[in-house]
Amino acid sequence: MDTTAVDTADLEKYLNQYGVWPRIFRALFIARSHETFRSFCSQYAINQLKAHTYNLELYKSTFTEFANDMPDQQYDLSWIDSVTYHRKQNLDHLTKELKSYKNNLIRESIRSAQVDLASFFTDLGQFESALRAYAKVREYCTNAAQIAHLSLDLMRVSIWMENYSHVLAFGSRAKSTFSSAMEIKSTVYAYCGLAHMCLGDYKSALDHFLHIEPDFSDILLTKTDVSTYTCICALVSWDHNELLQQLNEDEIFNALSDLNPSLRKCMHFMSQRNYSSLFNTLQANFPEYAFDMYLAPHLSTFLSLIRERSLVDYLFPYSAIPMKKIASDFQVDLPFVEDFLLQMVEAQKINAKLDCLNKCVYMESSFERERFQEIQDIAENTHIYSKAIHLQTTNTFNKSIADESSTNTYYPPVDQN
């Protein structure tokens, strides 16, 4: 989705790829973060809430928040009255049905009724109640496949609640059931990868994304989303050599990265150390990624980490290099380069000295530092070994003196009278 030429039709097509709640949440995110599309996205979210959910609370809060951006949208009192009535009716029906099954001790029926109740709470947007209802399903599951699908439901609700530690906990349970439910494997890894990414653990996120099949499809994430997340986490997590190796050898990674030609180009630029083209392409595409509610909060961090990794690779062959050349190759201004290098030196991410007067970077050889540490370790080990030998020798000497003393001791004859 090119933001320079995007229109509401493209945006609607983009949102319609997802399930109901992801659609609504993504529309509201865009409405709050992109003023150009605020009117369309707020009305889209209102229409989706009315058509597919019973969430009165979110409808009211959304209407209040975006009332000035929806001049054609009327506050629908008749829909509110209807939903209020049906919410009560459905909840009473589901509660009575569950109670009846519990009285009759029908295990499978109790499980099914409990799942229906949890789904109803999900439709209401009451995700905490849905999570509690799903948690009660566990005691009525009779096989591993049921536990697997239950864990997936718990992961999905936890993502909507933005409780990513719970996502990982339920994901661990789901992974133990793959032998009975292989169809959920890619989805579980996708949710775990998303949770790790949202928590800022990009390497673990990448490890999970690489277990996803290229034909993956889900109501919460599309295969294009997974491709984008995988490529960006790869740029953040892998150095030049590892990236080059994965591009040449890993079939799953290549299949996923092929779905996103722009980021595929970025990875080739990085593998070729063409840093100016890498950052030009990234910055050209980042406005598009700002539409993604999961990527947007991390974009500045991604760019900073990719720049750090690229700069470390870039400086490796040099003993000294002018900052002006770095600024030219990375397509940034000189003060930015100086500040960024200073931050990296202070964080001990590079071993260098900065000449801020002559605007030059002097790289310190890591070989001498490593050699000094090696010699220091040898000296410490030798000292410990010598001390042990000394103690052992002293102990042996003292023991031999004691034995000799006992051998030479004079005992006077005993008087027989």
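The order of GLU308, GLU183, GLU380 by accessible area, most exposed first and with a 1.4 Å probe, is GLU183, GLU380, GLU308. Note on the chain: dipole from Cβ charges, positive end direction compared against THR122, VAL226, THR8; the farthest Cα belongs to THR122. Cross-link partners for LYS349 among the lysines, with Cα-Cα distance under 30 Å and sequence neighbours closer than 8 places in the same chain left out: LYS203, LYS265, LYS324, LYS325, LYS359.
GNM remark for the chain: springs join alpha carbons under 10 Å apart, and the peak mean-square fluctuation among THR84, THR230, THR53 falls on THR84. In this structure, the residue pairs whose Cα-Cα separation is over 25 Å, taken from LYS13/LYS50; LYS13/LYS223; LYS136/LYS223, are LYS136/LYS223. Amide H to amide H distances under 5 Å link ALA352 with GLU364, where only residues 5 or more positions off or on other chains count and H is placed in the peptide plane. Ellipticity at 222 nm from helices only: DSSP H runs of n ≥ 4 in the chain, each -39500 (n - 2.57), divided by the residue count, give -23000 deg cm²/dmol. Which of the following values of semi-axes √(5λ) of the Cα gyration tensor in Å was calculated from the structure shown: [x] 69, 27, 20; [y] 57, 40, 19; [z] 70, 22, 18? Derived directly from the coordinates: [y]. Per-residue 3J(HN,Hα) values for region 159-167, derived from phi via the Karplus relation 6.51 cos²θ - 1.76 cosθ + 1.60 with θ = phi - 60°, read 5, 5, 7, 6, 9, 6, 5, 5, 4 Hz in sequence order (x marks Gly and Pro). The value of relative contact order for the chain, using C-alpha pairs under 8 Å at least six residues apart, is 9 percent. Taking only protein heavy atoms and a 1.4 Å probe, the accessible area of the chain is 51% carbon and sulfur. The residues of the chain expose, per residue, 54 Å² of accessible area to a 1.4 Å probe. Summarise the long-distance tail of P(r) for region 9-75 by giving the % of C-alpha pairs beyond 18 Å. When every Cα pair of region 9-75 is considered, 27 percent fall beyond 18 Å. Proximity of backbone amide H atoms, modeled 1.01 Å from N, is registered between CYS360 and MET323, ASP355 at under 5 Å, excluding neighbours fewer than 5 places apart on the same chain. Taking the convex hull of the alpha carbon positions in region 234-365 and averaging its projected area over all directions gives 8.5 nm². Taking amide H as placed 1.01 Å from N in the peptide plane, the amide H of THR222 sits under 5 Å from none that are at least 5 places away or on another chain.
The values are calculated or read from the model by the stated rules, or taken from the named source; none is laboratory data. Nothing here was measured: the structure is a model prediction, and the numbers come from that model. With ideal geometry, Cβ positions are generated from the backbone for all residues, glycine too; neighbour counts draw on all protein chains shown. With ligands, DNA and RNA removed, areas are computed over all heavy atoms of the protein, side chains included. Shrake-Rupley method; radii C 1.70, N 1.55, O 1.52, S 1.80 Å.
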